[in-house]
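Undergrad: First the structure, then my questions, so here it is.
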Amino acid sequence: MISANNIFVKYGDRILFDSISLTIGARDRVGLVGRNGAGKSTFLKIIAGQVRPDEGSVVRPTDSTLGFLYQEMNLPKGKTVMDETLTAFAEVRKLEQRLEQIHIDLNERTDYESDSYHDLIEELSTATDRFHHLGGDTMLADCEKVLKGLGFTGADFNRLTDEFSGGWQMRIELAKMLLQRPDYLLLDEPTNHLDIESILWLEDFLKEYAGSVIVISHDKQFLDNVTTRTIEIELGKSYDYKAPYSKFITLREERRGKMMSAFENQQRVIAQKERTITRFMAKASKTKMAQSMQKQLDKIERIEIDPEDTAAMNLRFAPSPRSGQIVIEGRNLCKSYGDKAVLDKVNIKLDRGDRVAFVGQNGQGKTTLAKIIVRELALTSGDLQYGHNTQIGYYAQNQSDSLQLNLTLLETMEQASPPEMRTKLRAILGAFMFSGEDVEKKVSVLSGGERARLALACMLLRPFNLLVLDEPTNHLDIISKDILKQAVNDYDGTLIIVSHDREFLGGIANHTIEFRDRQLFEYLGDVNFFLEKRALRNMREVEMSKAKNVAAAAVAAAASSDLSHEDRKRLARALQNAERAVEKIEENIAAIELQMADPSFYERPDTEQIMEQYRRKKKELETAMEQWEEAQMAAEGVS
């Protein structure tokens, strides 16, 4: 058991932790939550012994082990992925070397009756047992299993770690930590650099993990699936709830509501007694009684309401200028980096009002296509056309990193602003929680979350009708993510969003494009419909199930359990999306057939192209009808 006792930390005039105490028991699954800047990462570092508090102590059993994945880890260079991962088995590999040496010594010696020979035999037995206990027999297989679970391929195992980005290097560190299986596993934003597939795999791994897990995450669905206890840090205090995140939100509101009612009742009683005491003090005959009542009043233990951090940004996208019916259309798009092909003759078309989610493993081309669409990358080959009056708003995955650190917030906004918006910059910054003297701060002193908010504010300075968001929730806390999601839901233009956050993506898109093997695969629904359609637990091993099997599973699940209101809404939304998709494709087919009815159609130079489009639409209609039937059966199963 880890025990943190009266932890007090103060930075300047700010009290970060005001005598916080808590314990972490065996097999606890704890979500550590709070606003950006509340001190979550610092608290993990205190538990790990990397930071000393001003006051208080942390006690952990001396024979226990602890692993800490934090956000600023750096891998040593010059090793392959597999060699670096195998460092998790440092003790096992030393035992392996020692066992080899013992066998060599035993083969060379003939003093079978000597004490030293018997000592060597005893060491062999002890070392062999320890080797098996630590997983020496399955060391390579375990490494391969965890690395593949986190998204690496067999071809990656012999590549140098230097060749991988920081996000992939973080996966190697995570793999090492999971393989070490410490008694206490501390994870600071483990999903930040993972795709949906790897997040699902990590959830399953942690559910079966034998030790305790403490995790900081802004992924609500991940917290709900992994944790059973939530500790909130807010304004220097900690609040402990025996519940996962979504249940914690409900319990917190109930707790504050009860406390507020008790506080208000007590205030009424106190006010009434104070009025009585004041009246009695004015009469000499009742002064003694008034003094007695005052003493009783002074002894009342006053209920105090802890302050609540309610600061939140105010984000709303301006009405989008009207675009043409077709916003973008790409044919045979190819993109290669040297010899590596990322996109191979893919097609994409967005009509006005479409809302598309890009999903799939990291490295499959989601960001690449987003950058091609916003003109930040050139195509290797293919044709990409933009519709009438297409105006693009783009939030890049590393948007906040592109900010100039030496500028103030106001100067940053002035550089990004057209002249007509200059008078509104302070008001916009205020809406993003930068008020008063904050606007004169240098970008260099901002936290990751503050830089993300500033980058969002800059994006709103110009009109657009095609909004492209690439991992917009990175560095945002849960409250800010909720506000961004509401703003995106209210946005009236065309949308492309790249994200691995299932909860954030849920309900935003009306169709989902999966990037896999240099191709695009379209699903007519949001990310939840996509995951259901794929019958997903590990997308590397499971291909899309037959529609009737998925539908039967949905009906069986509905019949065997009471679905929540949210699940019912999701099924209804999936059915609605499927119906719209069928209608849209049928309209496209009807338009083509109208052209084909013209006798001069077969004399046109583009006849073959249109016929190919017609055949493609017919196939899309078959798929769409299957998906509609699946959604219909699932909906009927709960009606």
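Undergrad: Consider only pairs whose beta carbons are under 7 Å apart and that are at least six residues apart or on different chains; among these, list those whose first residue lies in the stretch 22-48 and is without any contact (Cβ under 8 Å) to a residue 24 or more places away in the chain and whose second residue is of a type in the set (S, T, N, Q).
TA: So the pair list comes out as Thr23/Ser3.
Undergrad: Looking only at the stretch 520-538, which residues are farther than 16 Å from Val498 by Cα and either touching a His at 6+ places or on another chain (Cβ under 6 Å) or at pLDDT 80 or above (or both)?
TA: Residues satisfying the conditions are Leu524, Phe529.
Undergrad: Determine, yes or no, whether Ile300 is β-branched (Val, Ile, Thr) and under 30 Å from Thr278 (Cα atoms).
TA: Judged against the criteria, Ile300 is a match.
Undergrad: Let me ask you something else. Which residues, counting only those in the stretch 585-625, are open to solvent by 50 Å² or more (accessible area, probe 1.4 Å) and within 11 Å of Leu524 (Cα to Cα)?
TA: Glu620, Thr623, Met625
Undergrad: Pairs under 6 Å by beta carbon, first residue over 20 Å from Gly448 (Cβ atoms) in the stretch 401-418, partner part of a loop (DSSP other than H, G, I, E, B) and open to solvent by less than 30 Å² (accessible area, probe 1.4 Å), six or more apart or different chains?
TA: Filtered contacts from the stretch 401-418: Ser417/Leu461.
Undergrad: I'm told Ala378 meets every condition in (1) open to solvent by 20 Å² or more (accessible area, probe 1.4 Å); (2) touching a helix residue (DSSP H, G or I) at 6+ places or on another chain (Cβ under 6 Å); (3) hydrophobic (A, V, I, L, M, F, W, C) except one. Can you identify the failing condition by its number?
TA: Here Ala378 clears every test but (2).
Undergrad: A follow-up question, please. So in the stretch 434-459, with the set limited to residues that are assigned to a loop (DSSP other than H, G, I, E, B) and out of contact with any Ser or Thr (no Cβ under 9 Å at 6 or more places or on another chain), which one is least open to solvent (accessible area, probe 1.4 Å)?
TA: In this case the residue turns out to be Phe434.
Undergrad: Would you mind stating whether Gly78 is under 17 Å from Glu173 (Cα atoms) and either open to solvent by less than 20 Å² (accessible area, probe 1.4 Å) or not in a helix (DSSP H, G or I) (or both)?
TA: yes
Undergrad: Oh, and also: Can you pull out the residues in the stretch 141-180 that are under 15 Å from Val92 (Cβ atoms), open to solvent by 40 Å² or more (accessible area, probe 1.4 Å) and touching a residue at least 40 places away in the same chain (Cβ under 8 Å)?
TA: Answer for the stretch 141-180, where residues must be under 15 Å from Val92 (Cβ atoms), open to solvent by 40 Å² or more (accessible area, probe 1.4 Å) and touching a residue at least 40 places away in the same chain (Cβ under 8 Å): just Gln180.
Undergrad: Related question: What are the residues in the stretch 201-233 that are under 15 Å from Pro190 (Cβ atoms), among the charged types (D, E, K, R) and out of contact with any Phe, Trp or Tyr (no Cβ under 8 Å at 6 or more places or on another chain), if any?
TA: Correct list: Asp204, Lys207, Asp219.
Undergrad: Name the one entry in Lys335, Lys345 that is charged (D, E, K, R), part of a strand (DSSP E or B), farther than 22 Å from Lys485 by Cα and open to solvent by less than 80 Å² (accessible area, probe 1.4 Å).
TA: From the options Lys335, Lys345, the qualifying one is Lys335.
Undergrad: Related question: With the requirement that a residue be aliphatic (A, V, I, L, M) and part of a loop (DSSP other than H, G, I, E, B), what does the stretch 312-331 give you?
TA: Within the stretch 312-331, Ala312, Met313, Leu315, Ala318 meet the criteria.
Undergrad: Identify all residues within the stretch 392-406 that are surrounded by fewer than 16 Cβ atoms within 10 Å (Cβ to Cβ), in a loop (DSSP other than H, G, I, E, B) and in contact with a Lys or Arg (Cβ under 9 Å, 6 or more places away or on another chain); write none if there are none.
TA: Leu405, Asn406
Undergrad: Further question: Any residue in the stretch 205-228 that is without any contact (Cβ under 8 Å) to a residue 60 or more places away in the chain and buried (at least 24 other Cβ atoms within 10 Å of the Cβ) sitting within a Cβ distance under 7 Å of a residue that is assigned to a helix (DSSP H, G or I) and among the β-branched types (Val, Ile, Thr)? List the pairs, counting only those 6 or more apart or interchain.
TA: Listed pairs, sorted by first residue: Phe222/Ile199.
Undergrad: While we're looking at this one, here's another question. Any residue in the stretch 60-69 that is more than 27 Å from Lys207 (Cα to Cα), open to solvent by 60 Å² or more (accessible area, probe 1.4 Å) and not hydroxyl-bearing (Ser, Thr, Tyr)?
TA: No: zero hits.
Undergrad: Still on this model: Considering only the stretch 256-269, state which residues are over 10 Å from Ile303 (Cβ atoms) and surrounded by 13 or more Cβ atoms within 10 Å (Cβ to Cβ).
TA: Arg256, the sole residue that qualifies.
Undergrad: Mind checking whether some residue in the stretch 282-299 is at pLDDT below 85, open to solvent by 100 Å² or more (accessible area, probe 1.4 Å) and small (Gly, Ala, Ser)?
TA: yes
Undergrad: Does the stretch 1-39 hold any residues that are within 26 Å of Gln221 (Cβ to Cβ) and assigned to a strand (DSSP E or B), and which are they?
TA: Leu22, Ile24, Arg29, Val30, Gly31, Leu32, Val33
Undergrad: Filter the stretch 466-489 for residues that are in a helix (DSSP H, G or I) and touching a Phe, Trp or Tyr at 6+ places or on another chain (Cβ under 7 Å); which is surrounded by the fewest Cβ atoms within 10 Å (Cβ to Cβ)?
TA: Ala487
Undergrad: Tally the residues that are over 30 Å from Ser238 (Cα atoms) and either modelled with pLDDT of 85 or more or among the charged types (D, E, K, R) (or both), restricting the search to the stretch 255-280.
TA: 9
The values are calculated or read from the model by the stated rules, or taken from the named source; none is laboratory data. Since we're looking at a predicted model, the values are computed, not measured. Heads up, the Cβs are rebuilt from the backbone with ideal geometry, glycines too, and the neighbour counts pull from every protein chain shown. The area values use the complete protein model at the heavy-atom level, side chains included, leaving out ligands, DNA and RNA. Shrake-Rupley method; radii C 1.70, N 1.55, O 1.52, S 1.80 Å.
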